[in-house]
Amino acid sequence: MAGTIVVEGVSKRFRHWEPNRAMTLQELVLRGFRWRRRDYFWALADVSFQVTPGRMVGIMGFNGAGKSTLLRLVAGVGRPTTGRVKLHGRVGAILELGVGFNPELTGRENIFISGVCSGLTRREVSERFDSIVAFSELAEFLDYPLRTYSTGMHVRLAFAVASHIEPEVLLIDEVLAVGDLAFQKKCWDRMLSFKRNGCTGLLVSHAPQAVLALCDDAIWLDHGRVVAYGPAEQVVGQYVEATGTLPKPPVGESVGSGDGRSDESGARSPEVRAVVPGAGGGRS
């Protein structure tokens, strides 16, 4: 596998919109909604990093830090306002629920559409169909519209498809926090398998221990800016110390476990490649 991710000076700007003023129901009916543009806000500001083949990078930060926005841009869902993203390799992406699926189509139809959109041929999807269904454990619901699925069922189907396209680049938003523990464990084992087989990836997670167990490096985002970027052990340590976040072991793993990403001496490089002074204050 030879997946690579390069993010160079990426910033993303959004607009706030709000009504001109509070209006009565009669005014709304007679005049319609009138909106005025508020100030712009930057969800990401000058983010740069590179993920070389076979390495996993964790992205941490509070809600609103820009983690999911960054992952969406890497996945090609939207464009940065400034900067650029370069990605090489077949991508398996599990973003927030609903992305990549049509709620009006059945689970069966969505498997084929999602697989083809991810780069497989229809024949390749057909060859993997039974395995995808078995992994998802949703055989009896395949012919129901996706809008009838629960959140956990969405995650099952999305992960099953993404994990069967033989991705060279894996992009995972924190969707595995939902669903039953047995399925979370199965997904976690599959991600570890991808890691061992040389898959490149980005993992958005609020769980420091999950980042330690799976990732070589980590990025700490706060208000769209990079607070720290470097070896996972170092960045997670800074994040936990600064925010008071309590480490929790990933599903099926004990605290302190990992997959042997240290060097031959058993030690990690202590270098932290980027620390932004004054950033990263906790948020309630």
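Per-residue extension of 0.36 nm, minus the Cα-Cα distance of T81 and R122, leaves a gain of 11.3 nm for this segment. Remark: the stretch 103-250 projects, on average over all directions, an area of 9.7 nm² (convex hull of Cα atoms). With neighbours defined as other Cβ atoms within 10 Å of a residue's Cβ, the residues R55, R15 order from fewest to most as R15, R55.
For K12, a cut-off of 21 angstrom between C-alpha atoms picks up these lysines, skipping any fewer than 8 places away in its own chain: K67, K86. What the phi angles of the stretch 120-129 give under the Karplus curve with 6.51, -1.76 and 1.60, with θ = phi - 60°, is a coupling list of 7, 7, 4, 5, 5, 4, 4, 5, 9, 4 Hz, glycine and proline written as x. Ordering M153, T82, I111 by Cα displacement along the dipole of the stretch 76-177 toward the positive end leaves T82 in first place; charges were set at the Cβ atoms of Lys, Arg (+1) and Asp, Glu (-1). Peptides 203-215, 80-92 ranked from most to least packed, by the mean per-residue count of other Cβ atoms within 10 Å: 203-215, 80-92.
Could you compute the net charge surrounding T4? Neighbours are other residues with a C-beta less than 15 Å from the C-beta of T4; K and R count +1, D and E count -1. Don't skip to the end; give the middle numbers.
Values: positive: R55, R84, K86, R90; negative: E8, E168, D216, D217.
Summing Lys and Arg as +1 and Asp and Glu as -1 gives 0.
Between H16 and N63, the contour length at 0.36 nm per residue exceeds the alpha carbon distance by 15.1 nm.
Grab the other residues whose beta carbon is less than 15 angstrom from that of L87, score K and R as +1, D and E as -1, and report the net. That sum, taken over residues with Cβ under 15 Å, equals +4.
Taking each residue as 0.36 nm, the span from N102 to D46 lengthens on full extension beyond its C-alpha to C-alpha distance by 16.9 nm. Scanning residues 5 or more positions from F62 or on other chains, none has an amide H under 5 Å from its amide H, with H placed 1.01 Å from N in the peptide plane.
Here, each number is a calculation from the coordinates, and none is a lab measurement. None of these values were measured; they are calculated from a predicted model. So basically every Cβ, Gly included, is an ideal-geometry build from the backbone, and we count neighbours across all protein chains shown.
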